[in-house]
Structure formats: C-alpha cells, structure tokens
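Student: Here you go, one structure.
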Amino acid sequence: MFRTLRRALCVAAALLLPLAGVQSARADGTAEAAGAGYWHTSGRQILDAAGQPVRIAGINWFGFETGNHVVHGLWARDYKSMIDQMRSLGYNTLRMPYSDDILKPGTMPDSINTDGKNTDLRGLTSLQVLDRIVAYAGQSGLKVVLDRHRPDAAGQSALWYTASVPESTWITNLKALAARYKGNSTVIGIDLHNEPHDPACWGCGDTSRDWRLAAQRAGNAVLSVNPDLLIMVEGVQSFNGTNGWWGGNLMGVAQYPVQLDVPDRLVYSAHDYATSVAQQSWFSDPSFPANLPGIWDKYWGYVFKQNIAPVWLGEFGTTLQPAVDQKWLAELVTYLRSTSAYGADSFHWTFWSWNPNSGDTGGILKDDWQTVDTAKDAYLASVKAPAFDSGTPGPGPGDPGGSTPACTAAYTISSDWGGGFNAEVKVSNTGGVPLKSWQVSWTWSGSQKVTSMWNASHTQSGATVTAVNAAHNGSVPVAGSASFGLGGAPGGGSVPGLRCTAT
C-alpha cells in the first residue's frame, strides 16, 4: 500500500449472529461454542479443534509496532474495558501489530496511565503487557493473531528484512513468540510480515526478494516450534506487471502456492483500502462500484472461491468521508459474505482499526477513545460473528492460575446524555478456583452518584462506591464472568479504575 499518509500515528449492543452448523453438543447435551482449542484449515474454511467451522471477524489494535511499544489508548482507558467493548460490539479477534523492538530484552512500554487504571501493568515490559492482553482476551472469548508489522519502530519495510534486522533475526523472533504462547490457544496464528511490496516478488525465485519462498522458510520455522499455529501469509504489491495494494496481491498463489511442512495451517491474507488511503484506477472506472467484485476476484478472492485455502482480509478501512468510500465499503462487506447467509463459509477479516489515531482511516473509536463511530461500525454488522469459547486458554506466560480466588473488573459506559449515564461492569474470574462471591469498588473523580443498580447491591461514601454480587451471580466458574449495571448522575465522567476482591 502507498504509505505517505498511513501510519503517521499520533505520539449499542453486539450483533451476535448465529453461525450455521458451527455448534456441537457437550457431553451434557448443551451447545458448545465454536472456537475451542487450536485451529486448522480444510479447503477454504478454518476449523476449530472439534472440527467446527469458525469465522474471524475482528479488529486491529495497533501500537506495539510504534515507539510506544504498546497498544495505543492506554493513556485514556483500561485495557480490559477496551477488550470488553470490542467484545460487546461483536468483534471476536484481535490482530496485534508489533515490531521486533518489543523482543529486545527490557523493552518498556510508554504512555500507559496506571493511575486508577491499568494498575496491573505497572512496571511490566512490553512483552509482559502483551501477555496480559492475550490472557484477558482469551478469558473474554476473543482470539489473537500476532502481526509482525515492522522490523523496528521506525517504519514499515518493503521486504521482510532490513540492514539492521536481518532475516535471521526476523525468524528468531517469530520462533520466540511461537514458543512463548505454545499451549495457549488464544493466540491462534502469526501474520509473518505486514504488507510486502516492491521490490518484493512472488515466485520469481530470487531468494533476496521472493516473498513466497521467505514465507515458507519463516512459516516452517514457526511450525517447528509450535505446530498448532495458523500461518498467515500476505500478498505482495505486484505480480507479472499487475500492481495492487501493498500486501494485497495474491495472484501468484495459483502458480506458486506456499508449501508448509505441517498440513492445514496456511491462511492467505490480503489488504484492501479506499480512496482516503490512496487512489487506484478502479475507483474512477465508469462501472464503479459494480467493477469491484471482479477486481477482488482477480487479486485475492479466487483463492477462496476456488477452495484453495482460507482468505483473511487482514486490513481494510476508510475515514468514510468521501461518498466513493462509502460505496466501496458497502460493496466490500457484501463481497465478504454475510454471516446470517453463509455462516463460517466466508472470508475472514479484521478491520483497520480500533484506534482513532490512524491518520488516513480513523477508527471504530472516536478521538476520546470511548465513543463508537456508530456509522462506521454499522457497515460491518452483517459480517460480524460470535465470540469464541472462553475456556481456559492454556499455560501461556500471561495466563492466570493458582488456587487463590482472584478477579478483575471492567467498567464500560453504555450511554451518557449529560444529565446522567448508564454503565456496565463485567467481573471476570482470573484465578484457578471458582468464586463464591465478589465485590467491586471504585472512586469517581467527579461528583457522580449511583442512582440505580441491577444484579448487584451497593453502598456509596463520598465518591467511593462498593458493589457486592447479588444472590444469583456470586458464583463464577474459572475463566467465567458475571456482570452488573448501574445508572448514575451527572454524566460526562471518566471511566474509573476498579478494584475487585473475591472469595
């Protein structure tokens, strides 16, 4: 992709649509959520460990690839509340861009507010913060794809290596991440390198430029450490003289498929954008937007339609300001196939981006890092899909454990009309034993008072509120959750930091 503008980064209820045929029964006869365990491919579909088809319908949350060395927005909000909001909106997967800088020993994150929020991230390295995000995402029923977005925080690279980050370092770091999360099926795959572009080629045979051969080397190295991971391989920019978006040209797959040592682990990935990123010839075609499905078929859609492999649209986005961009997004969502009609027999996707500070696309969140761009989010409604099994994600480094009851709580403002507001609080069991009871407390920074509360009882002393579980929701299984809601006044307050205790 043309990147003169992009990545100039700043230093409502969920629509949960049923996936046709994607539930099996547990031994007790109840339905089992799709997505359990590690995933594999079969033709153009991705299947979970039980063989149920799943659909990636997610969001990009960037920042680990920048000089902040951590996802953006933690200066404004707690990471748990962000993940809870993603889940509530119907996104089921996080694509997490990173640079190799976070693999350097002792790399510390910047711009995290730990004063009343993100308190459990205080003093952690960037990798340790990633561990916490992965752990909480898994508890919330979200999956994670790690995206090697840049060799270092300075910027993207056309090839998978640079003078300062050679191929050997790239592969060593990919293997390190694969090993770090081995056994933790929240991390279901690795996107090997973001947006290869000219002079990268596909199938040319020049080992210094042939991305297809490099992807095979790296993919097999990852699988040698963690054979359960999906390997996401993006396209290039040009093939046989036909140019497209950076990373968006998979035309070479038909003649030169990627060949991995472990079968059924390969997912091809493309990127596609609108005019707010750059102009392409097809936007000015007289037949636009009717010409777009043919364009997508040529560049990447045929891989899915010919049942070669699953196709994941890892990035697509727009400011949604020009009318042409609105037509593009509407046509693209139709092309991706609605979940209600096709279930998981569909294209996979992660929208760019959650962040509002993407210079030429904006995000699902607005500049306050709280308010949802409902117009943009609504375009994606038909292709959203259910969250996944939130069972214990495995022994990865960020996973909870132990025999002591433990919990966390996340606070999300669901509506605010100035004179008052409503909020939801989710309590998650982060320990290794079931909870018998829990309580959550917080201190507002303003003059807010609780006017009503449901599914919990409360006391308030000054600005400090303590909420205690109701009789019906005090018991919370391992990796499970409970929730309560409240009304308060006045509105306009910030999200407070929460303290959760459990027995």
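The values are calculated or read from the model by the stated rules, or taken from the named source; none is laboratory data. As the structure is a computational prediction, the values presented were derived from the model and not from experiment. Reconstructed Cβ throughout: ideal geometry from the backbone, glycine too, with neighbour counts over all protein chains shown. Ligands, DNA and RNA are stripped out before the accessible areas are found, and what is left, the full protein with its side chains, is counted by its heavy atoms. Shrake-Rupley method; radii C 1.70, N 1.55, O 1.52, S 1.80 Å.
Student: Show that you can apply the helix-only estimate: for the chain, add -39,500 (n - 2.57) for every DSSP H stretch of four or more residues, divide by all residues, and state [θ] at 222 nm to the nearest 500. Mind showing how you got there, number by number?
Tutor: Numbers: 9 runs with 87 residues, N = 503.
Computed ellipticity for the chain at 222 nm equals -5000 deg cm²/dmol.
Student: Oh, and also: Per residue, how large is the accessible surface of the range 61-156? Use a 1.4 angstrom probe and give square angstrom.
Tutor: Result: 24 Å² per residue.
Student: Can you tell me which of 353-362, 203-212 comes out highest on packing, and rank the rest after it, using the mean Cβ neighbours within 10 Å?
Tutor: 353-362, 203-212
Student: Along the charge dipole of the range 169-312, pointing to its positive end and built from +1/-1 on Cβ of Lys, Arg, Asp and Glu, which listed residue (Trp296, Val187, Gly248) has its Cα farthest out?
Tutor: So the residue furthest toward the plus end is Val187.
Student: Which percentage, to the nearest 5, of the DSSP beta bridges contained in the chain is antiparallel?
Tutor: Values: 51 of 82 bridges.
Of all bridge pairs located within the chain, approximately 60 percent are antiparallel.
Student: Considering only DSSP beta bridges with both partners in the range 58-169, what is the antiparallel share in %, to the nearest 5? Don't jump to the answer; show the numbers that get you there.
Tutor: Working: 1 of 11 bridges.
About 10 percent, rounded to the nearest 5.
Student: Multiply the residue separation of Ala49 and Gln321 by 0.36 nm, subtract the distance between their alpha-carbon atoms, and state the gained length in nm to one decimal.
Tutor: 93.8 nm
Student: Can you give me the % of accessible surface on the chain that is carbon or sulfur? Probe 1.4 Å, all protein chains present, nothing else counted.
Tutor: Result for the chain: 52 percent of the exposed heavy-atom area is carbon or sulfur.
Student: Give me the distance in nm between label points sitting 7 Å out from Cα along the Cα-to-Cβ direction at Asn243 and Ala154, one decimal.
Tutor: Using points 7 Å along Cα→Cβ, the separation is 2.5 nm.
Student: Right, another one. 7 Å from Cα along Cα→Cβ at both Asp206 and Tyr379: what's the point-to-point distance in nm?
Tutor: Between Asp206 and Tyr379, the simple spin-label model gives 3.6 nm.
Student: If you place +1 on the Cβ of every Lys and Arg and -1 on the Cβ of every Asp and Glu, how big does the dipole about the Cα centre of the range 186-316 come out, in debye to the nearest 20?
Tutor: Numbers: 6 positive and 13 negative charges, 38 e Å.
The dipole magnitude comes to about 180 debye.
Student: OK, next. Once you place label points 7 Å from the Cα toward the Cβ at Ala341 and Thr501, how far apart are they in nm?
Tutor: The modelled label-to-label distance comes out at 5.5 nm.
Student: Using +1 at the C-beta of Lys and Arg and -1 at the C-beta of Asp and Glu, which of Ala387, His149, Ile102 has the Cα lying farthest in the positive direction of the dipole of the chain?
Tutor: Positive-end residue among those listed: Ala387.
Student: Hey, if you put +1 on the Cβ of every Lys and Arg and -1 on every Asp and Glu Cβ in the chain, which of His458, Thr275, Tyr342 ends up farthest toward the positive end of that dipole?
Tutor: His458
Student: Charges only on Cβ, +1 for Lys and Arg, -1 for Asp and Glu: so what's the dipole of the range 272-374 about the Cα centre, in debye to the nearest 20?
Tutor: The calculation lands at about 300 debye.
Student: Can you spot the lysines whose alpha carbon is less than 27 Å from Lys449's alpha carbon? Ignore those fewer than 8 places along the same chain.
Tutor: Once the sequence-local lysines are set aside, what remains near Lys449 is Lys80, Lys117, Lys366, Lys426.
Student: Taking the Cα centre as origin and putting +1 on Lys and Arg beta-carbons and -1 on Asp and Glu beta-carbons, what dipole magnitude results for the chain, to the nearest 20 debye?
Tutor: In debye, rounded to 20, the chain gives about 620.
Student: Can you work out the accessible area per residue across the range 406-450, with the rest of the protein chains kept in place, probe 1.4 Å, in square angstrom?
Tutor: I get 39 Å² per residue for this part.
Student: To continue, here is another question. Using a cut-off of 13 Å between beta-carbons, work out the net charge of the residues near Thr350 (Lys and Arg +1, Asp and Glu -1, Thr350 not included).
Tutor: Within the 13 Å Cβ shell, the charges total -1.
Student: On to the next question. What's the FRET efficiency of Ser457 with Val433 using the Cβ-Cβ distance as r and R₀ = 22 Å, to the nearest 0.05?
Tutor: Efficiency, rounded to the nearest 0.05: 0.35.
Student: Full-extension gain between Thr169 and Lys298, please, as 0.36 nm times their residue separation minus the C-alpha to C-alpha distance. Before the final figure, lay out the partial values.
Tutor: Numbers: separation 129, 0.36 × 129 = 46.44 nm, distance 3.41 nm.
Additional length available on full extension: 43.0 nm.
Student: Excluding residues fewer than 8 places away in the same chain, name every one of the aspartates and glutamates whose C-alpha is closer than 20 Å to that of Lys104.
Tutor: Correct list for Lys104: Glu65, Asp131, Asp147, Asp152, Glu167, Asp191.
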